[in-house]
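Written below as structure tokens is the structure these notes are about.
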There are 2 protein chains.
Amino acid sequence: MPSDDLPVPVFSKPVTLRDVAAQAGVSVATASKALNSQGRMTAETRERIRETARRLGFRPNSLAQSLLRRRSFTVGLLTNDTYGRFSLPLMSGISDALVDNGVSVFLCNVEEDPRLGQMHVDAMLDKRVDGIIATGKRIDRHLPVDLSNLRVPVIYAFTQPDPDAVAFVSDDVGGARLAVEHFCRLGRKRIAHVTGPASFAVVHARVQAYRDVLVENGLPVSEPLLGSWSEAWGHQAVAQLFDGKSERPDAVFCGNDQIARGVIDALRERGLDVPSDVGVIGFDNWEIVAEATRPPLTSVDMNLVALGREAGLTLLSLVGGKPAAPGIRKLPCRLVVRQSCGHPPGG
Amino acid sequence: MPSDDLPVPVFSKPVTLRDVAAQAGVSVATASKALNSQGRMTAETRERIRETARRLGFRPNSLAQSLLRRRSFTVGLLTNDTYGRFSLPLMSGISDALVDNGVSVFLCNVEEDPRLGQMHVDAMLDKRVDGIIATGKRIDRHLPVDLSNLRVPVIYAFTQPDPDAVAFVSDDVGGARLAVEHFCRLGRKRIAHVTGPASFAVVHARVQAYRDVLVENGLPVSEPLLGSWSEAWGHQAVAQLFDGKSERPDAVFCGNDQIARGVIDALRERGLDVPSDVGVIGFDNWEIVAEATRPPLTSVDMNLVALGREAGLTLLSLVGGKPAAPGIRKLPCRLVVRQSCGHPPGG
DNA sequence: TTCATCTGAGAAAAGGTTTTCTCAAACAAT
DNA sequence: ATTGTTTGAGAAAACCTTTTCTCAGATGAA
């Protein structure tokens, strides 16, 4: 017996090609050809079939098409970035690039759980995804799944690839240079760097770029301060920078926007004005943080949406059989200038 | 000619049931039955087939199964919450609830674009999703798509449903009561409310709950301050609350965590201590904000993961043909106590 | 008239699985 | 020895679409 006497909604059956063909008085083969602009028939027949399809609201069953074509117009996005800080902009770009081609995206969060990862990968493969994009919350870590030797192409975006895989990451070195060079152009002389823990590869890359730019500009290089990615660390780092007896910085380049936020708050507490006394630049351009900061934070944007779009398009061409050179492609960052570093001396 | 002479990766063909059957020396029908524990055959035959399947790494083609069963083990999640503030926890709950049943989730961001929305809905329908969950970035707004009279069941989560639809939302009234009652228990006497714009339905619901609890506790009701959802507004509201000649509040209940953040910062700038002078509670429990606040912010959590799980399970049962009562179900919030409102007088 | 070519359209196979139907062999009962 | 029942397993249809093959009729040339 039914568990309840609620009305069970009844859903109308989809109209199939067979229905269209019957209505139009032709065979399914002819109907198919009419709708796909294939085969030969009088213009009159073709139009009649098309009109019938339109009238009936016919939409081809993707499952049947996929089965035949061995192509499902579906891709999987694998991530362990639960709160989507990085994977959502990426997703947005991917989806953007693919929706026009009728491709839909399975989003699978695998956390750090290999079992869960395997389940998702298996489910996607069973559903015959055309390809997989792997992403994560940090560039230098693998997802807890083995994606080598899959039956479908895999693209890595913003996460560490298998060797020989095709990967897209942001150009952290370039991004860091953008920030430090901006300070140089503004005439800042003592530029500090406060960033995350040494366990992150990006930290070293950016530190190196920071040093390089300072040397190139003949400015003194102070030791970068490594800590955590938190606001609290930014706050604390200011104490280290300004309490010591070494000369005070007039600019701080921060490893992310939260650190920058902490730095700015600490500076204000010390009565230092941003940007007139000290300029600050963040990283990530997390708008919700960068725009809420007072003053609004200048920050390096990793162009994740563009990165996602690129990854999506490349996957698509890979699926289409076009080869792609394996290796890591770095996509440029851009500096989003707000009000936390002031104007050039002359401006 | 090929655009390049790169090696084109060659992907091995999946092994089909036919392959298994051939290897085991039986018909595909028998093989299918063996693997699905259907039909009749000797235990020996069944085991031999299973062993063969295992050895060959056979995995049934989901597309073929779906085509036959008219059930794709796939659902669509439609959202316009680009940065996933609300939809990602929801997604996480949905995915959690469904992955064990082998169900995968298409994530579709429709922004505010009806054309895009229609594209995504069409694509999902063509791919024969078993059902759709609609969500959004605010409860009292429709997505820019018409989901009535679809061929599949639709569940609304955290967004305004069609009449007669099944919907899950957070119990904002209960959540607000939780916060204000907490202040009352702590012995706070002059509790203010700073929240978002009047155009949001939740603002009114929470304001009403705020008033009710104060009246129930015999406390004075001050006019709630409506503004925007931003940190800046929280900052500014403190000026209004503390510069006037009316009695100063000893507690502020905020409409979201960003406002709370602004409030706390402004209080500190005035030399007021949180929590000893003024207690503060936020809403949303956005951990990245709530935990970075100094002191860490007590906040109302809408239990979005649980809400997503509930929505997923209900959709599943709807897909399975079990009816569900239409209407809006409110799920309780919970208060996550951190350090921004202090201990009870006796504690 | 006869042969060759072209045209429009249908029949059938394919894609991979599930399920119903059928059937021969083995067995039990008369 | 005949009839009835059970058992194990295969044939075939179904899901829906695409594509190749086939073919009858029409047209053109000789």
note = How many residues of the range B:28-39 are of a type in the set (A, V, I, L, M) and assigned to a loop (DSSP other than H, G, I, E, B)? The answer is 0
request  = List every residue pair whose Cβ atoms lie under 6 Å apart, where the two residues are 6 or more positions apart in sequence or sit on different chains, the first residue falls within the range A:100-128 and is farther than 20 Å from residue A:86 by Cβ, and the second residue, located anywhere, is part of a loop (DSSP other than H, G, I, E, B).
outcome  = A:102/A:73; A:103/A:73; A:114/A:144; A:121/A:145; A:123/B:102; A:126/B:59; A:128/A:72
ask   = Here are some conditions: (1) assigned by TED's automatic domain parsing to the domain that holds residue A:159; (2) within 9 Å of DNA strand C (Cβ to nearest atom). Residue A:27 meets all but one. Which one does it not meet?
value = (1)
ask   = Of the residues A:270, A:261, which single one is over 19 Å from residue B:288 (Cα atoms), within 14 Å of chain B (Cβ to nearest Cβ) and either surrounded by fewer than 19 Cβ atoms within 10 Å (Cβ to Cβ) or modelled with pLDDT of 95 or more (or both)?
value = A:270
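Here is a yes/no grid of residues against (1) closer than 25 Å to residue B:220 by Cβ; (2) touching a Lys or Arg at 6+ places or on another chain (Cβ under 8 Å):
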residue: B:250; (1), (2): yes, yes
residue: B:258; (1), (2): no, no
residue: B:281; (1), (2): yes, no
residue: B:293; (1), (2): no, yes
residue: B:303; (1), (2): no, yes
residue: B:314; (1), (2): no, no
residue: B:326; (1), (2): no, no
residue: B:334; (1), (2): no, no
residue: B:338; (1), (2): no, no
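Kindly indicate whether residue A:292 is within 18 Å of residue B:230 (Cα to Cα) and in contact with a Gly (Cβ under 9 Å, 6 or more places away or on another chain).
yes
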note = Residues of the range A:297-325 being out of contact with any Leu (no Cβ under 7 Å at 6 or more places or on another chain), within 24 Å of residue A:74 (Cβ to Cβ) and of a type outside the set (Gly, Ala, Ser), in sequence order, are A:305, A:309, A:313, A:314, A:315, A:318, A:319, A:322
When residues of the range B:238-255 are limited to those that are surrounded by fewer than 24 Cβ atoms within 10 Å (Cβ to Cβ) and among the aliphatic types (A, V, I, L, M), the one farthest from residue B:190 (Cα to Cα) = B:239
message = Among the residues that make up the range A:325-343, is at least one of them farther than 18 Å from residue A:85 by Cβ, in contact (Cβ under 8 Å) with a residue 24 or more places away in the chain and assigned to a helix (DSSP H, G or I)?
response = no
ask   = Can you name the condition, by its number, that residue A:335 falls short on among (1) closer than 30 Å to residue A:239 by Cα; (2) buried (at least 22 other Cβ atoms within 10 Å of the Cβ); (3) at pLDDT 95 or above?
value = (2)
ask   = How many of the residues making up the range A:213-224 are open to solvent by 30 Å² or more (accessible area, probe 1.4 Å) and either in contact with a Gly (Cβ under 8 Å, 6 or more places away or on another chain) or touching a residue at least 24 places away in the same chain (Cβ under 8 Å) (or both)?
value = 3
inquiry  = Looking only at the range B:57-72, how many residues end up being more than 10 Å from DNA strand D (Cβ to nearest atom) and surrounded by 12 or more Cβ atoms within 10 Å (Cβ to Cβ)?
reply    = 7
query = Of all the residues that make up the range B:68-94, how many are facing chain A (nearest Cβ under 9 Å), in a helix (DSSP H, G or I) and either in contact with a Cys (Cβ under 7 Å, 6 or more places away or on another chain) or not hydroxyl-bearing (Ser, Thr, Tyr) (or both)?
reply = 3
Cross-chain or 6+ apart pairs with Cβ under 8 Å, the range A:5-29 first and modelled with pLDDT under 75, then small (Gly, Ala, Ser) = A:6/B:324; A:6/B:325; A:8/B:321
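Residues are listed down the side, and each one gets a yes or a no for (1) under 23 Å from the mean Cα position of the chain (by Cα); (2) touching a residue at least 60 places away in the same chain (Cβ under 8 Å):
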| position | (1), (2) |
| --- | --- |
| A:185 | no, yes |
| A:191 | no, yes |
| A:206 | yes, yes |
| A:211 | no, no |
ask   = Could you say whether any residue in the range A:12-27 is in contact with a helix residue (DSSP H, G or I) (Cβ under 8 Å, 6 or more places away or on another chain), outside any loop (DSSP other than H, G, I, E, B) and within 12 Å of chain B (Cβ to nearest Cβ)?
value = no
request  = Among residues belonging to the range A:27-48 that are under 20 Å from residue A:68 (Cβ atoms) and among the aliphatic types (A, V, I, L, M), point out the one that is farthest from DNA strand D (Cβ to nearest atom).
outcome  = A:34
ask   = Somewhere in the range B:47-56, is a residue among the charged types (D, E, K, R) and surrounded by 18 or more Cβ atoms within 10 Å (Cβ to Cβ)?
value = no
ask   = Can you name the number of the only condition in (1) surrounded by fewer than 22 Cβ atoms within 10 Å (Cβ to Cβ); (2) closer than 17 Å to residue B:280 by Cα that residue B:191 fails?
value = (1)
ask   = Within the group B:63, B:67, B:77, which residue is closer than 20 Å to residue B:123 by Cβ and more than 13 Å from DNA strand C (Cβ to nearest atom)?
value = B:77
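Have a look at A:198, A:165 and point out the one that is within 23 Å of residue A:232 (Cβ to Cβ), touching a Leu at 6+ places or on another chain (Cβ under 9 Å) and surrounded by fewer than 24 Cβ atoms within 10 Å (Cβ to Cβ). Reasoning before the result, please.
Details: A:165 fails: within 23 Å of residue A:232 (Cβ to Cβ).
None of the other options fit; the residue is A:198.
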Unmet requirement for residue A:31, which otherwise passes all of (1) within 14 Å of chain B (Cβ to nearest Cβ); (2) open to solvent by less than 30 Å² (accessible area, probe 1.4 Å) = (1)
query = Since residue A:104 meets every condition but one in (1) open to solvent by 10 Å² or more (accessible area, probe 1.4 Å); (2) facing chain B (nearest Cβ under 7 Å), which condition does it not meet?
reply = (1)
query = Condition test on residue A:39, is it near DNA strand C (Cβ under 10 Å from one of its atoms), touching a Lys or Arg at 6+ places or on another chain (Cβ under 9 Å) and of a type in the set (Gly, Ala, Ser)?
reply = yes
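The values are calculated or read from the model by the stated rules, or taken from the named source; none is laboratory data. Given the structure is predicted, the values throughout are model-derived calculations rather than measurements. Reconstructed Cβ throughout: ideal geometry from the backbone, glycine too, with neighbour counts over all protein chains shown. What goes into the accessible areas is simple: the full protein's heavy atoms, side chains included, and nothing from ligands, DNA or RNA. Shrake-Rupley method; radii C 1.70, N 1.55, O 1.52, S 1.80 Å.
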